[in-house]
Ligand code: SF4
Ligand code: SF4
């Protein structure tokens, strides 16, 4: 059996050009610490963290500058040492204006005293303690989902976990950060997988990698040789192979039910970068203050992969790549399929920034789009078996009941439908708009109900 026989996959999906060749042969370069970082307090799914530092306060790298607010939240740490210059709203890489802490470097790049350690016996710590370390280190899903990791690692007792899947697929075109991480820090990837298996009590570990990374597949197979509990699964090159439900189906042939979670099947999934961050937190006491990010695209002079500090302005990294090739088109936080265009180069790298993609002007999609011609290409490409043409029509006309009837919340916003649509319809934008409107409508109904109940109570007291 060859390395690539019996490739695993899911139903649906598309084959966009992978465009990874400009950065998949290089190395991860350590970007110099920036002179200023802008650190948003909302970098994860869940409640934004609460700022705990003040303007003019001196901070050290690794110091908590915003504390987690509730269980589904994560603390935020200073990524350089220096002085807090500003606490207030600024644009994040998500395109939203959120509370940020701006730190000006003191040039020392000093860690908080007593933070770093070396704990070779970390695997002997009880699972609860390891989970606590991961929580305190502010670790969230680094593949872009940014879900707080400690929550994923705390399944309820009635949902025992038997398998941990590490996602090393990196199916987004252009991005190569995870690929290089698996090559250069393969030992840490495997250590992270074993750590997660210990925390959730799983017996089996799987590392899923697309077949277009044969060197990473070989390397991780070599590193896990002789371990009967860990295997490397080679996956067909297809988008979105790295989607959570798609990868679970490809590896196990089991479907996560609509509205369900991987833990319903006894599975926990994490990105390879997240596994490395968890390992480094438990072994060395490092909170999450840096990540690997691909800076690439036809619009950039020398695409590269950087280990860069959270909070680094995009513009500093594009400068390190030699600037732009001619007139700049669009700058995207993430890849071309699921990424979001940013409003300026001042926005910072956040925990979920897997890539910075600079598209040249001629690569931009047309602004004009045509009516749907019912060709069905979007339906064939949808990995979740939805009807994107209907979601697009109903989203455009704000028909909210119909959108719910077509299971709009199962859409993973992978962009496959928009990519194949010959009418160039911005289907994902219509879907995002539809989801937002439905959620806003639900909130309005809750507010009305609360107001009715309050009025009824007041009337009761008055009577
Ligand atoms: S409808 Fe959603 S899940 Fe289906 S292809 Fe479009 S973006 Fe992807
Ligand atoms: S791909 Fe575009 S034109 Fe074809 S059915 Fe879907 S929305 Fe309509």
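Simple spin-label estimate for residue 113 and residue 50 gives 2.8 nm between the two label positions (7 Å along the Cα-to-Cβ direction from each Cα). Hydrodynamic estimate: the Kirkwood radius of the range 1-154 over Cα pairs, inserted into Stokes-Einstein at 10 °C and 1.306 mPa s, corresponds to D of 87 µm²/s. Inter-label distance, residue 457 to residue 439: 2.7 nm, where each label sits 7 Å from its Cα along the C-beta direction.
Distance from the Cα centroid of the range 345-377 to that of the range 403-463 is 24 Å (rounded to whole angstrom). Using Cα centres only, tell me the gap between the range 290-328 and the range 103-129 in whole Å. If we compute the Cα centre of each part, the gap is 28 Å. Mean projected area of the convex hull spanned by the Cα atoms of the chain, taken over all viewing directions: 25.6 nm².
Got the relative contact order for the range 371-463 handy, in percent, Cα pairs under 8 Å and 6 or more residues apart?
With pairs under 8 Å counted, the relative contact order is 29 percent.
Size descriptors for the range 284-323 (Cα atoms only): Rg and Dmax, in that order, 11.5, 38 Å. Considering helices alone, the calculated mean residue ellipticity of the chain at 222 nm is -9000 deg cm²/dmol, with DSSP H runs of length four and up weighted by -39500 (n - 2.57) and normalised per residue.
Computed on the Cα trace of the range 122-284, the radius of gyration divided by the Kirkwood hydrodynamic radius gives Rg/Rh = 0.93. Using only Cα coordinates, the Kirkwood hydrodynamic radius of the range 371-463 works out to 14.7 Å. The range 75-102 and the range 165-186 have Cα centres spaced 27 Å apart. The relative contact order of the chain, computed from alpha carbon pairs under 8 Å that lie at least 6 residues apart in sequence, is 18 percent. Counted residue by residue at 0.36 nm each, then reduced by the alpha carbon distance between them, the extension gain from residue 364 to residue 21 reaches 121.4 nm. Between residue 409 and residue 187, the modelled label-to-label distance comes to 4.6 nm, taking each label 7 Å out from Cα in the direction of the beta carbon.
Normalised by the number of residues in the range 122-284, the mean separation of alpha-carbon contacts (under 8 Å, six or more apart) gives a relative contact order of 34 percent. One equal scatterer on each Cα of the range 1-62, no solvent, Debye formula: the resulting log10 I(q)/I(0) at q = 0.15, 0.20, 0.22 Å⁻¹ is -0.90, -1.06, -1.13.
Here, each number is a calculation from the coordinates, and none is a lab measurement. On a predicted model such as this, the values are computed, not experimentally measured, just so you know. No Cβ is skipped: glycine too gets one built from the backbone with ideal geometry, and neighbour counts run over all protein chains shown.
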